[in-house]
Amino acid sequence: MSKLTFARAINAGLRKSLENDPKVILMGEDIGALGGVFRVTDGLQKDFGKHRVVDTPLAESAIIGTAVGLAYRGYRPVCEIQFDGFIYPAFDQIVSQVAKMHYRTQGRVKMPITIRVPFGGGIGSPEHHSESPEAYFTHTSGLRVISVSNPQDAYTMIQQAIASDDPVLYFEPKRRYHDKGEVDETADLSTALSMEKARVVTPGSDVTLVTYGPLVKTANDAAMAAADEGVSVEVIDLRSLAPIDFQAVEASVRKTGRLVITHEAAQSGGLGAEIAASITERCFNYLESAPVRITGFDIPYPYSKLEMHHLPDLDRILDGVDRALGRGNSLSGLEG
């Protein structure tokens, strides 16, 4: 076991994929000599050459369009979108070409493209650098969407994404890049937990708390704080956002009877709404109260001095747990 930062774990996973498959190519802005703005690809161009770790122009649509052509020729491109808010120029390529090519060609053409997206807030960045755009892509059939929350998953799931014949959006929480954790670099991918499966982070019996990506750590802290008050909270890390492992969430809610969902993205049209509706349909007779959503507010991402008021924190999550237990009132006008 090695103790790696989140960023170094992704780097190690990319290195492993480059070593194992000569068809893997990394592409992105400043990912070569600079090693990326977050240094996630540091050292890879030096070791694998400019033909496999490619510095691209500042043109996200061209990056993804080129990846489509490479996939046609049998390569496995891994594209880095430098910041979450930069993905929108590539939106047409992703939803109109990457997501549909396999279906359009009746299975004759595969799109084994991985798109890495540093996402979320918490680092004091300006506009366009702290978005949570995952719901746009979970709504698009033909894409797999995953989000990692810890170094071990970061290492394992980047390799699983690259090895998949389906296009995968890999959302990595930028505010967790410096978090450290144990990573088993000898783990066999064939026996590792599938990237489609959710994981119970903290077992519990009173409330199910569902989240992903940057808020898994915060949710776990909230569960520990709730335990001090005698409330047992089960924390589930979704890991896969499309498809969602509803069986795991359903099993937990059938046990606890209460559901809280938290994510940084805005509430309206967010993943929390889909999870709440689906679990209500599946577990209506087991629910003791209505599902509660704790999310970012329905506003453009705020200035860095205000972002910590926008992002769900321990207190807001605990308030949501209290509401699910019938011990508190919703925040007037601010349901998230």
>> So in the stretch 23-43, with the set limited to residues that are among the aliphatic types (A, V, I, L, M) and touching a helix residue (DSSP H, G or I) at 6+ places or on another chain (Cβ under 7 Å), which one is surrounded by the fewest Cβ atoms within 10 Å (Cβ to Cβ)?
In response: Ala33
> What tally of residues in the stretch 283-309 results from selecting those that are modelled with pLDDT under 95 and open to solvent by less than 70 Å² (accessible area, probe 1.4 Å)?
Replying inline: 4
> Which number in (1) free of Cβ contacts under 8 Å to residues at least 12 places away in the same chain; (2) within 20 Å of the chain's Cα centre (by Cα); (3) assigned to a loop (DSSP other than H, G, I, E, B) marks the one condition that Gly230 misses?
Replying inline: (2)
> List pairs: first in the stretch 105-122 and under 17 Å from Val24 (Cα atoms), second crowded, with 18+ Cβ neighbours inside 10 Å and of a type in the set (Lys, Arg), Cβ under 8 Å, 6+ apart or cross-chain?
Replying inline: Pro112/Arg76; Ile113/Arg76; Thr114/Arg76
>> Looking at the stretch 207-223 only, could you name the residues that are more than 15 Å from the chain's Cα centre (by Cα), of a type in the set (S, T, N, Q) and open to solvent by less than 10 Å² (accessible area, probe 1.4 Å)?
In response: Thr208
>> It is to be established whether one or more residues within the stretch 244-258 are more than 16 Å from Ala198 (Cα to Cα), touching a residue at least 40 places away in the same chain (Cβ under 8 Å) and not polar (S, T, N, Q).
In response: yes
> Is there a residue being within 22 Å of Tyr301 (Cα to Cα) and either at pLDDT 95 or above or of a type in the set (A, V, I, L, M, F, W, C) (or both) anywhere in the stretch 60-72?
Replying inline: yes
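Considering the stretch 34-88 alone, what residues qualify as being in a loop (DSSP other than H, G, I, E, B), among the hydroxyl-bearing types (Ser, Thr, Tyr), out of contact with any Lys or Arg (no Cβ under 6 Å at 6 or more places or on another chain) and over 23 Å from Ile123 (Cβ atoms)? Lay out the reasoning, then the answer.
So in the stretch 34-88, the residues in a loop (DSSP other than H, G, I, E, B) come out as 34-43, 49-52, 56-59, 73-75, 81-83, 87.
Going one step further and asking which of them are among the hydroxyl-bearing types (Ser, Thr, Tyr), we end up with 41, 56, 75.
After this cut, where a residue has to be out of contact with any Lys or Arg (no Cβ under 6 Å at 6 or more places or on another chain) as well, the list is 41, 56.
Passing the criteria: only Thr56.
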> Scanning the stretch 269-282 for residues that are of a type in the set (Val, Ile, Thr) and open to solvent by less than 10 Å² (accessible area, probe 1.4 Å), which turns out farthest from Ser252 (Cα to Cα)?
Replying inline: Ile275
> From the list Lys46, Lys3, which residue is within 27 Å of Arg175 (Cβ to Cβ) and open to solvent by 10 Å² or more (accessible area, probe 1.4 Å)?
Replying inline: Lys3
> Which residue pairs have Cβ atoms closer than 9 Å, lie 6 or more positions apart in sequence or on different chains, and pair a first residue in the stretch 1-17 that is assigned to a strand (DSSP E or B) with a second residue that is open to solvent by less than 40 Å² (accessible area, probe 1.4 Å) and among the β-branched types (Val, Ile, Thr)?
Replying inline: Ser2/Val183; Lys3/Val183; Leu4/Val183
> What is the residue count in the stretch 6-22 for residues that are aliphatic (A, V, I, L, M) and open to solvent by 40 Å² or more (accessible area, probe 1.4 Å)?
Replying inline: 0
> Taking the stretch 250-268 as the search range and keeping residues that are over 20 Å from Gly122 (Cα atoms) and touching a helix residue (DSSP H, G or I) at 6+ places or on another chain (Cβ under 6 Å), which one is most open to solvent (accessible area, probe 1.4 Å)?
Replying inline: Arg254
> Where in the stretch 245-336 are there helices (runs of 4 or more DSSP H), lying wholly inside it, with at least 1 residues that are of a type outside the set (A, V, I, L, M, F, W, C) and under 16 Å from Thr208 (Cβ atoms)?
Replying inline: 246-256, 271-283, 314-324
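The values are calculated or read from the model by the stated rules, or taken from the named source; none is laboratory data. No experiment lies behind these values; they were computed from the predicted model shown. Neighbour counts run over all protein chains shown; Cβ positions are idealised from the backbone, glycine included. Surface areas here come from the heavy atoms of the whole protein model, side chains and all, with no ligands, DNA or RNA. Shrake-Rupley method; radii C 1.70, N 1.55, O 1.52, S 1.80 Å.
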